[in-house]
Amino acid sequence: MDERLYWIGLNMVKGIGPKSFQILLDHFGSAQAAWEASPGRLYGSGVQKKKVESLLQFRASIDLNMIWAGIQEKGIDVLIWKDEEYPRRLRDIPQSPPVLYMRGEITAQDSWAVSVVGTRRITAYGRQVAEDLGSALARSGVTVVSGMARGVDSVAHEAALKAGGRTIAVLGSGVDQIYPPENRRLAGEIIDNGAIISDYAVGTPPEANNFPPRNRIIAGLSIATVVVEANRRSGALITAGFALDQGRDVYAVPGNIFAPHSAGPNHLIQQGAFPLISVDDLLESLDLSMVTEHQVARQVLPSNAVEAVLFEALGFEPKHIDEIRLKVEMPIEDVSAALSLMELKGMVRKVGGMKYVSVKETKARYLTEQDRIEKVQEGSNSG
């Protein structure tokens, strides 16, 4: 039985959030062991008694195999914390969701993402700003993240798609429950050019209290969050609050001081958010104008930890494979296999006698890329 079944089961238990989930994993070693544990062991795990009782009642009432079959039948993918495909930025936030349900695909490109959020009651001004933002970000290779709600969210998604970019929608329902219903066509386009994701179980309806918690995922996937139009009680401001808590930048589009739909962004600016005067300001301040170059560079840069360690160890002076092996403290077979692949990728060159050097152009690109990544990380942590 797939280990994901037990992650799904635990994630569906009312009251078992990320913190309790981690306690169970730490105590039992795996989701399966926690799911199958006796009542006595569960009560001794450190999870609150009420939550243990909820778990015991829930697992006695469901068939995990039936749930899994339904997920597969609908073509839904499931990501868990330990998956390489699980979004890195989201994994780094406090209380990241242990389980994500997904239709579509999340790629390495999506690590460069900006969320664009705002009111459902969009004005002509807000529509123009959201369209410009979605389009400009997409043309720069930045993934647009939003909640697929009416208004600003939908306009930003559509603009990104029209510009040929990628976009991710985070739902306040199961990924099989598209809301609002008029966005079914948009949802299909997003699935083909990005992903629809949720931490709510398949079949969960779009209830009002589901939406505020999902906003932490919108912010968590993003380097920065932009609030276009919103009143003071809007969910967009909740997203901005999550972004600030996560150490991400928040931008707000200034508006008419007498207009209710500008009260939220104007308040954020008053509280220290960056006023968004032009899209170029956002791209430049986060170094997002270089995303396309980042992506090209990654095609010939280390794709895993072994390659990264070896590439760091190599320079422009030839080194024998035995010297390399001793420096990185890895088995010779692992070093040999990785170097062969790196040679095919154009990262290193064999210069005879089992000696290797870095390809100068690739090494320079790697060092430039590392410097840019550090700058972006410094910028995203300054909020």
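Just so it is clear, none of the values below were taken in a lab; they were calculated from the coordinates. Please read these numbers as outputs of a predicted model, since none were measured by experiment. In this analysis, Cβ positions are derived from the backbone assuming ideal geometry, glycine residues included, and neighbour counts consider all displayed protein chains.
Listing for the model above:
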| quantity | calculated |
| --- | --- |
| Gln128/Ser285 FRET efficiency (R0 30 Å; Cβ-Cβ; nearest 0.05) | 0.90 |
| Environment charge at Val228 (Cβ cut-off 11 Å; Lys +1, Arg +1, Asp -1, Glu -1) | -3 |
| R0 of 41 Å, Cβ-Cβ distance His320-Glu105: FRET efficiency to nearest 0.05 | 0.50 |
| Gyration tensor verdict on region 158-231 (Cα atoms; rounded if a/c is under 1.5, prolate if a/b is larger than b/c, oblate otherwise) | oblate |
| Region 31-125 - Debye-derived log10 I(q)/I(0), Cα point model, q = 0.11, 0.17, 0.19 Å⁻¹ | -0.55, -1.01, -1.09 |
| Straight-distance crosslink candidates among aspartates and glutamates, where the alpha carbon sits under 12 Å from Lys19 and sequence neighbours closer than 8 are dropped | none |
| FRET efficiency for Gln177 and Ser61, using Cβ-Cβ distance with R0 set to 22 Å, rounded to 0.05 | 0.55 |
| Unit charges on C-beta of K, R, D, E only; dipole of the chain, Debye | 780 debye |
| Extended-chain gain in nm, criterion 0.36 nm per residue less alpha-carbon gap, Gln48 and Glu312 | 90.4 nm |
| Helix-derived mean residue ellipticity, 222 nm - over the chain, DSSP H n ≥ 4, -39500 (n - 2.57), to 500 | -14500 deg cm²/dmol |
| Expected-Rg normalisation [2.2 N^0.38 Å, Cα atoms] applied to the chain | 1.11 |
| Value of relative contact order over the chain, rounded to a whole percent, pairs C-alpha under 8 Å and six or more apart | 12 percent |
